1. Could you state, as a whole-number percent, how many of the C-alpha pairs of region 306-384 are farther apart than 20 Å?
2. Could you check how many percent of all C-alpha pairs in region 62-200 are farther apart than 17 Å?
3. What's the magnitude of the charge dipole for the chain around its Cα centre, counting Lys and Arg as +1 and Asp and Glu as -1 at the beta-carbon? Answer in Debye, nearest 20.
4. Kindly state, to the nearest 0.05, the FRET efficiency for Ala27 paired with Arg668, given R0 = 56 Å and r defined as their beta-carbon distance.
5. What does the convex hull of the alpha-carbon atoms of region 1-80 project to on average, in nm²?
6. Spin-label point model (7 Å from Cα, Cβ direction): what's the Ala655 to Ala630 distance in nm?
7. Let's test the formula: R0 of 60 Å, r as the Cβ-Cβ distance of Asp613 and Thr100. What FRET efficiency results, to the nearest 0.05?
8. Charges only on Cβ, +1 for Lys and Arg, -1 for Asp and Glu: so what's the dipole of region 438-501 about the Cα centre, in debye to the nearest 20?
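FYI, it's all coordinate maths here, none of it is from the lab. Because the structure is predicted, anything quoted here is derived from the model rather than measured. When we count neighbours, we look across all protein chains shown, and the Cβ atoms used for this are built from the backbone with ideal geometry, even at glycine.
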Amino acid sequence: MNRLGIKSPRGLVAFVALAGCMVTAAAAALTGSGGLFAAAGLLGCGCDLLLHRTEPGLMTRLGRLHIGETLRFELRCVLLLLLLGRLRLTGPIGLAAAMTLVLCLLGGQALHAAIRTLIRRRRGLAVVTRNIDLRRLRISDRPPRRLTEWPGQRMLTYELVTLLGLTVSLVTDDARWVVAALTLAAGGCLVTVLALVPYLVQAIRMPGAAQVLAEVDNWLSRHRPETILHFSGSRDSAYQVNMWLAAVAALPTPSLVLLRERHLVEELAPTPLPVLCVPSAVHLMNLDLSSVRVALYPANVGENIHLLRVPTMQHVFLGHGDSDKIASVNPYSKVYDQVWVAGEAGRRRYAEAAVGVRDADIVEVGRPQLDGVRVAGIDRAPAPVPTVLYAPTWEGWTDEPGNTSLTTAGEHLVRRLLESERPVRVLYKPHPFTGSRSPAARAAHERVVALIGAANEQRAAGPLAQEPEDVTAAREEAARERDGLTRRIAALDARLHRADADEAMLTRDSAEPDPAVQAEAEELRRQWHRAHWAAAPPWLHQVVEGPAPTLYQCFDQADLLIGDISSVVSDFIASLKPYALTDTAGLGEAEFRRQFTAAGAAYLLGPDGSGTDHLLWLLFDPAHDELRTARHQLREFLLGPAYPPSFQRFGEAVASAATRGEAVIQLRDHSRSQHVA
C-alpha cells in the first residue's frame, strides 16, 4: 500500500473498487448494458470522491503516472458516447448533439485548466515577503478557491449530473434527459470558465519581475538593513534558521531574513523581522544590498555562494549547533570571513581538524538559544517518576557507524526504560530528518513509537494511573485549556496565513509587523506549553514530533538525556543535568571520550544500549551522580561562560563584524579614489 501512496485498508478497497468500476463501465459500453454502465459510473464517482478526500497521496501518484482525474474523466465521456451509440437511444440527431456537448464539456474543461495554470504562473511574484511594505505594487486578489481548486471533484460533479440524466433516460426511454444533463454539465463548465476571465485579466496586469525587484530595492533603501540572516534548505531543515530568529530580532540595528526557497516562508516561525524570499540567484545578485555589513549563515549550502560573492559585507558562519560531528568542521567553512562557535571547544575543534579556518577568524559567542534553559539546582530532589529524554540524531548522509543510535540500540534502549522496575517516564523526540534517507531508521522509529504506545496502554490500567479526583480534575481542566489554546493559535495563524490567499496576497497583506499580534502569538505559545505539561500525567510517556513542544521545553522536563553525538547533547549540558551517550560504533570508553569532547561528562552506554541500570540509580539517588562536577567544567568549555549572557555576546560580535565590514568599504573607496587620482 505504501508504494501506491495508500494509507488505509479503506483506501485500498476504494482504489480496487474504482479500477473495477472502470473495467465494468468499459464492458457495459461495449455491450450496450445501460443499467450496468450507470451503476458502475455512480459507484466509481463515489470511490473517486472518497479517494480524493482520504488518499491525496494516491491521487497525486496517479497524476504523475498520467492516469489522473482528467484522463479518467475523458475516458468516461468517450465510453458514454460509445454506450449511446450502442443503445440507439438518441437517434442520429440526438447522438450528434450528445457528441457536440461532450466535446464542449471536454474543451471547456481543458480551457479552464489552461486559464487556471496561466493565472497561477502570472501571480507568481519574483519574491515572497513578510513584514515588508510592497503595497504600491497594487497586487490583486486571487480567484476564489471554488473556481480554481478541486478540479477532480468538479469533473466528478459534471459526470454525476450526466449519469443521473442517463439513468432517467434509461427508465423513461427518453433521450432528452441525458442530452439535458450534458447541456447542464457543459453549461456549468462554461460558467466557471467565464468567471475566471476577469481574474485572468488581472493576472496579466500583475507586476513583472523588474517592477517587483525595483520596489524591493526601494524598500531596502528606506529600511537599510545592516544584518542579513541567509538560509536555504528543505522544509524539514527550517528549524535551523528558526533557532536564530530571536537572537537576530534582538539586535539594535535593522536586520533582514533572506530565504531562498518559497516553502521556507511557510515553515518560518513567527517573527517581527522583515522576511524576503528570493529564489532566483540572478534576482538576488541584482538587489541593492549596499547597506548590509554582516551576513549570517546557519547552514553550509550551495546557495550561500550567491551572497558570498558580495565583498562589501562580512560573511559569518553560525551553524545550527555546536557538536563533535564532522559537519561542525566542514572545510567549506574557510570561505567565510568569520566562523562563530559556542565556546573554546569549537575553537579547538577547528584547530585539530586543520581545514583552513584561521584561529583569528573564530569568535566565541555562546548559544543565545540556551539563555532560557532551566538550570538544575545542586540540591534538586529526585522526581517520584523521573523523566528520561531520548533524543537520537538522524542517520546522516552516509552509513558511517555512530551517526545515530536509533537503528542499533534505540528499540532495546527504550524497551529497557519502559520495563524498568522503578518506573520512569520516557520522552522520545527524534531528529526531524529521521528516516528521510534510511528505511532502517524509519522502521526503527516506528517500532519505538509502537513500544511507547503499548506501554502507555499498560500503564493506564495500572496503579500509576490512579490519582486523586482533584488532581484528575486539574489535568482535565489543563487539557481543555490546551485544546482551547490550540484553537486560538490556529485562528491566529489563519489570520496571518489566510487559507483563501496565495503567496502574492500574503506578500501584499503582511506589509508591516503588528507588535500586538506578535506578543499575542508568543504568549499563547507560552501558555500552550504550560497547559500541555500540566495536562499530561507524570507517568505518561510521550512521542514528541513537530515544532511543539520544543526541544528546549523537553530539556526543562527531563531529568536525564540519552542522545548521540550532536548539538542536542551539547545544548543539554547547559541544564547541568546528567546525560548519557551510546557508543554505537563500539569504540570503547577511552577512545570514545578521546574522540568526542561532549563525552567528557557523559555516562556511556554500550552499542546495544546496555548499561541503563546505573542511569536509573542516579535518577532516584543523586548521590550516584559522580559526574556533576565534570558537567560544570565541560559546560563552560563547550558553551562559553554563563556571563555575560550569550545574547549580549552575540550582539557584540555582530557589532564588531559590522565595524570590520565598514572598514573594508572605506578601504575600498580610498583605494578607488587614489586610483582615479
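1. Numbers: 1302 of 3081 pairs.
Tail fraction, whole percent: 42.
2. Numbers: 6160 of 9591 pairs.
Of all Cα-Cα pairs in region 62-200, 64 percent lie more than 17 Å apart.
3. Values: 71 positive and 71 negative charges, 497 e Å.
Using Cβ point charges on Lys, Arg, Asp and Glu, the chain gives about 2380 debye.
4. Numbers: r = 79 Å, r/R0 = 1.40.
Efficiency at R0 = 56 Å is approximately 0.10.
5. Values: hull surface 19.1 nm².
Mean projected area of the Cα convex hull: 4.8 nm².
6. Modelled inter-label distance: 3.9 nm.
7. On the way: r = 82 Å, r/R0 = 1.36.
Efficiency for this residue pair is about 0.15.
8. Working: 10 positive and 11 negative charges, 85 e Å.
Magnitude of the dipole: close to 400 debye.
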